[in-house]
Every structure is written in C-alpha cells, then in structure tokens.
1. Under 5 Å between amide H atoms, partner at least 5 residues away or on a different chain: which partners does LEU36 have, H built in plane at 1.01 Å?
2. Explain nothing, just compute: Karplus ³J(HN,Hα) = 6.51 cos²θ - 1.76 cosθ + 1.60, θ = phi - 60°, for every residue of region 88-99 in order, whole Hz, x for Gly and Pro.
3. What residues have an amide H closer than 5 Å to that of SER119, excluding those fewer than 5 places away on the same chain, when H is modeled at 1.01 Å from N in the peptide plane?
4. Give the peptides 73-85, 49-61 in descending order of average Cβ contacts within 10 Å, highest first.
5. For region 164-171, in order, what is each residue's ³J(HN,Hα) by Karplus, 6.51 cos²θ - 1.76 cosθ + 1.60 with θ = phi - 60°, in whole Hz (x at glycine and Pro)?
6. Find the eigenvalues of the gyration tensor of the Cα atoms of region 38-120, then list the square roots of 5 times those eigenvalues as equivalent ellipsoid semi-axes, largest first, in whole angstrom.
7. Please arrange LEU120, LEU36 by counting, for each residue, the other beta carbons lying within 10 Å of its beta carbon, fewest first.
8. Report the net charge of residues surrounding ALA11, where surrounding means a beta-carbon distance below 12 angstrom and charges are Lys +1, Arg +1, Asp -1, Glu -1.
Amino acid sequence: MQVLLSAAELASGIDRLADTVRREYGRRPLVVVGVLTGSIVLVADLIRRLECPIELSMVSASSYRGTATAPGRLELRLDSLPDLAGRDVLLVDDIFDTGRTLEALVAELRRRGAASIRSLVLVQKAGRAEVAMQPDFVGFDIPDVFVVGYGLDFDGAWRHLPHLAALDSADIAAARVGSAPRPDAHRPTPVDPAGDART
Ligand code: 5GP
Ligand code: MG
C-alpha cells in the first residue's frame, strides 16, 4: 500500500476546496448533499470550514465493483433529501471515476427543482471519465489506481486511514483470497521526515 496523499496534504486540499466554495456562495444558505459512504470524512471536514447556513443531507449511491474497472449497476437512495425546490445544492462525493454516479445524482437533484447544483469531489481519476459532465470543484487529480482511506474502503476495510493510499496488487490479492486485512493495515502509515510516506 502506498500513500498517495498524506493527512497534511488532504487537509490543505480541503482548505482550498472550502475557500472555493466560500467564494462561490458567499453567505447564501446551502444544502450540502453527501454521497454515502465514501464521502463522510470529506463532508465532515469540509462543512466545518464553511460559514454559510448549511443543511446537510446524505444520499446513497452504490455501484460496488471491488477493484474491477467496470462499475456495476447503480443504485440510488434519496429518501432522506429535504425539499430542494429553489435551493442551492452542493453535491459532495469522494471520487469522480467514470462520472456515472455524479451524473445520475445531478439529474435526480435537477428533477427535484434545485435552483443550482454544483458538484465537488476529493479526487478525480485520470483518463476514466465516461460522461460529458465534469465536477465543478476537484481537490486532487490522481492516476488511475484503486485508492482507500479518508472514507474510502476496499470491501469494508481501510476507510478510516487518515491518508489516501493506493492499493497494490499484493493488497488486492490478499483480499481476494478472503484473508482479513493485514494486522498492520489499519494503522496510520508512518510519514518520513521528507514527507514521503510509504508502508
Ligand atoms: P463513478 O460512478 O464515478 O465511476 O464511481 C464513483 C464511485 O465509485 C465512487 O463514489 C466510489 O464509491 C467508487 N470508486 C471509484 N473508484 C474508486 C477507488 O479507487 N476506490 C474506492 N474505494 N472506490 C472507488
Ligand atoms: Mg461512492
């Protein structure tokens, strides 16, 4: 497992995203819609940096495919959304990969009459987009690797790592043969003094 973005790098990325959101909306009230489950850490960090009135709602979208590159069928659950008619909505997700999740969610939010809809993601993977839309705000561009940590899991594991890590083939193979995550896998990766962390 290799650290792609350290906790400190993530924190400054969220600072930058929050500045952009503040500039975009000023003090206008905002409905923040987070996509479960991968966006929970991002949402928690982001909303605490915003000063406008916020109503938070979480929706769920799953197209679980492990590390397979082709997404499965997308299932959306939007039952806890408030009335969006005439409101400004910020949709927050962990990753923009093929883009199919955000595209479907934006269409659904639009159907509910939101006055404006912007989307924000922590990371966007290079060369994977299959849709015309682009997220409005992107924290980081990353290569086409499978990432875990900072809310993102692999088969339920590694969500709570404070950094974002790329799985290597050994991690994936270990998970595929059904073994539990390695005993050390949940411990934060030590960061060396040069700021270049690895396991
Ligand atoms: P999209 O619809 O953009 O292809 O996929 C977005 C969703 O797929 C993300 O919200 C996330 O749940 C999942 N996903 C895509 N790439 C990764 C990845 O590298 N790691 C993890 N843990 N999930 C991913
Ligand atoms: Mg997701």
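What follows draws every value from the coordinates through simple rules; no lab data is involved. Bear in mind that the values here come from a model prediction, so they are computed numbers and not experimental data. Note that we place each Cβ from the backbone using ideal geometry, even for glycine, and neighbour counts take in every protein chain shown.
1. Those lying under 5 Å, H to H, from LEU36 are VAL59, SER60, ALA61.
2. Couplings: 8, 10, 10, 8, 10, 10, 6, 10, 9, 10, 6, x Hz.
3. LEU91, ASP136, PHE137
4. Details: 73-85: 12.6, 49-61: 14.8.
Most protected by this proxy first, the peptides run 49-61, 73-85.
5. 9, 10, 8, 6, 9, 5, 5, 4
6. Details: eigenvalues 103, 52, 22 Å².
The answer is 23, 16, 11 Å, longest axis first.
7. Details: LEU120 26, LEU36 17.
Arranged by neighbour count, lowest to highest, LEU120, LEU36 become LEU36, LEU120.
8. Values: positive: ARG16, ARG48, ARG49; negative: GLU9, ASP15, ASP45.
Net local charge, ALA11 excluded: 0.
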